[in-house]
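Everything on this sheet refers to the single structure shown next.
Laboratory data are not the source of any read-out in this text; all were calculated from the coordinates shown. Note that the structure is predicted; figures quoted are calculated from it, not measured. Cβ: placed from backbone, ideal geometry, glycine included. Neighbour counts: every protein chain shown.
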Amino acid sequence: MIKHLVASLARSVASAVTYKTLASDVRAVAPSIDEETISNYVRLLMRLFVVEAQQPWTPALRSRARVRTSPKLHLVDPALSAAALGAGVEHLRGDLNTLGMLFESAVVHDLTVLGSAMGGEVSHYRDSNQKEIDAVITLPDGRWGAVEVKLGGQQVAAGAQSLTSAIAQIDTSGVGDPAFRLVVTGTGPVVVADDGTVTAPLSALAP
Amino acid sequence: MSWWEKLDSPTGEVSIAALFEGRLPETNLGAAPDLGAVIDNLLRPGFPAMTSLTHEQSADRMRATSTTSRAPTSAASPTSATSPK
């Protein structure tokens, strides 16, 4: 049963999956399991450091949009997600959606590690206008940085536009402007755009 | 373990701490990895006991303790507006 739960979590990394969905998946092997039991198992996996929750960032907004408050769940290592899915090199080359999902989870993992050196925390932002920031790094002194994840280097412009659009929703009179805007790619170069948006591959990031 | 720690020769060109201090990196158009390198790093586990294993060896070990499910046909992520409790 736990194996099916881990596989279900792996299929849902980097998304705001619900216990209802997880329970539905696990009922294939445990027909009577309910959502509360699933939530208990997920909490257990969190205590065992197998699952990490990326909590929502909930700043005040300029508009009447509502901030979504669901956490995203990640397995602690993207390689574990790939193993749980039975996804090897050839599978991932042929399934860029899954590759992108695992890559986003890897980026969140690394930002959590790199940001922790400054006492930072990594959350995510999503609102009812479907604006989204894949990762928001917040420091104890209130500074924050906005990060968009794009697997391919050719998606950088879309990523930068998505960041600008999402940040425009946020009432910065309370939280201030972001200290930086960063698009993390898998296969892109290091570029600083005219508006200051930084693009970098995950392999170039450091504490 | 982060990619910065896993890579044999990390460039460390883009420091998160520096970005918070307003120091921007130099543009480097030659820094782009290829897709094969991305997949290779994704499949390389960060668990210390597994860092020297091949992809197949590490996947076998992790599957032994995680799941036996098959590869996905797509990334269809089951989501809905209902929040976990």
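Does anyone have the angle between helix A:35-47 and the longest principal axis of chain A? Alpha-carbon axes, 0 to 90°, nearest 10?
Long axis of A:35-47 versus the principal axis of chain A: about 60 degrees.
Going by amide H atoms built from the backbone, whose H comes under 5 Å of the H on A:Q54, apart from near neighbours?
Distant-sequence amide H within range of A:Q54: A:K72, A:L73, A:H74.
Which of the lysines could be linked to A:K72 by a straight reach, that is with a Cα gap under 21 Å, when you skip same-chain ones fewer than 8 residues away?
Result set, ordered by chain and number: A:K3, A:K20, A:K131, A:K150, B:K85.
Please grab the % of Cα pairs in chain A that end up more than 28 Å from each other. Numbers along the way, then the final one.
Numbers: 6271 of 21321 pairs.
Summing the P(r) of chain A above 28 Å gives 29 percent of all pairs.
Just to check I understand the Karplus step: with θ = phi - 60° and J = 6.51 cos²θ - 1.76 cosθ + 1.60, what whole-Hz values come out for region B:53-58, glycine and proline as x?
Once θ is set to phi - 60°, the couplings for region B:53-58 become 7, 6, 4, 5, 5, 5 Hz.
Sketch the reach of a paramagnetic label on A:L139 as a point 7 Å from Cα along Cα-to-Cβ, and name the residues of region A:107-132 whose backbone nitrogen lies under 18 Å away.
Under 18 Å, as judged by backbone N against the label point of A:L139, lie A:111-123 of region A:107-132.
How big is the gap, in Å, between the Cα center of region A:47-110 and the Cα center of region B:30-49?
Computed from Cα coordinates, the inter-centre distance equals 17 Å.
Which three lengths, in whole Å and largest first, does region A:1-52 cover when its Cα atoms are put on their principal axes?
Taking max minus min along each principal axis of the Cα atoms, region A:1-52 gives 26, 20, 17 Å.
Amide H to amide H, which residues 5 or more places from A:E148 or on other chains are under 5 Å from it, using H placed in the peptide plane?
When sequence neighbours closer than 5 places are left aside, the close amide H contacts are A:L182, A:V183, A:V184.
Note down the nm distance, to one decimal, between modelled labels 7 Å out along Cα→Cβ at A:D171 and at B:L53.
In this crude label model, A:D171 to B:L53 measures out at 5.1 nm.
Based solely on C-alpha atoms, express the radius of gyration and the Dmax of region A:160-207 in angstrom.
Rg and Dmax of region A:160-207, Cα atoms, are 12.1, 35 Å.
Over 21 Å, how big is the tail of the calculated P(r) for region A:1-117, in percent of all Cα pairs?
That fraction is 43 percent.
Could you tell me how many degrees, from 0 to 90 and to the nearest 10, lie between the Cα long axis of helix A:2-11 and the main elongation axis, the longest principal axis, of the Cα atoms of chain A?
Taking the Cα atoms of chain A, the angle to A:2-11 is about 30 degrees.
Just to check I understand the Karplus step: with θ = phi - 60° and J = 6.51 cos²θ - 1.76 cosθ + 1.60, what whole-Hz values come out for region A:92-102, glycine and proline as x?
The phi angles translate into 5, 4, x, 9, 5, 5, 5, 4, x, 5, 5 Hz.
Could you tell me the calculated FRET efficiency between A:K20 and B:L24, based on Cβ-Cβ distance and R0 = 35 angstrom, to the nearest 0.05? Write out the running numbers ahead of the final one.
Working: r = 44 Å, r/R0 = 1.25.
Approximately 0.20, to the nearest 0.05.
Report the calculated FRET efficiency for B:D34 and A:N97 (r = Cβ-Cβ distance, R0 = 22 Å), to the nearest 0.05.
That pair, B:D34 with A:N97, gives E of 0.70.
Using θ = phi - 60° and the Karplus form 6.51 cos²θ - 1.76 cosθ + 1.60, what ³J(HN,Hα) does each residue of region B:3-11 get, whole Hz, x for Gly and Pro?
Those phi angles translate into 4, 4, 7, 7, 5, 5, 9, x, 7 Hz.
List the pair-distance distribution P(r) of region B:25-66, using every Cα-Cα distance, as the percent of pairs falling in each 5 Å bin from 0 up to the bin containing the longest distance, rounded to whole percents.
With a bin width of 5 Å, the distribution comes to 5, 20, 23, 15, 12, 9, 8, 5, 2.
Considering the Cα trace of region A:132-175, what is its radius of gyration and what is Dmax, both in angstroms?
Cα-based Rg and Dmax for region A:132-175 come out at 11.6, 35 Å.
Note the full-extension length gain between A:R43 and A:T164 as 0.36 nm times their separation in residues minus their Cα-Cα distance, in nm to one decimal. Spell out each step's value before the answer.
Details: separation 121, 0.36 × 121 = 43.56 nm, distance 3.46 nm.
Gain on extension, A:R43 to A:T164, equals 40.1 nm.
At 7 Å along the Cα-to-beta-carbon direction for both A:Q55 and A:S116, put a label point, then send me their distance in nm to one decimal.
1.5
Averaged across A:11-22, how many Cβ atoms of other chains sit within 10 Å of each residue's Cβ atom?
Averaged over the peptide's residues, the number is 5.
R0 = 22 Å: FRET efficiency of A:R62 with A:D195, Cβ-based, nearest 0.05? Mind showing how you got there, number by number?
On the way: r = 19 Å, r/R0 = 0.88.
The computed FRET efficiency comes out at 0.70.
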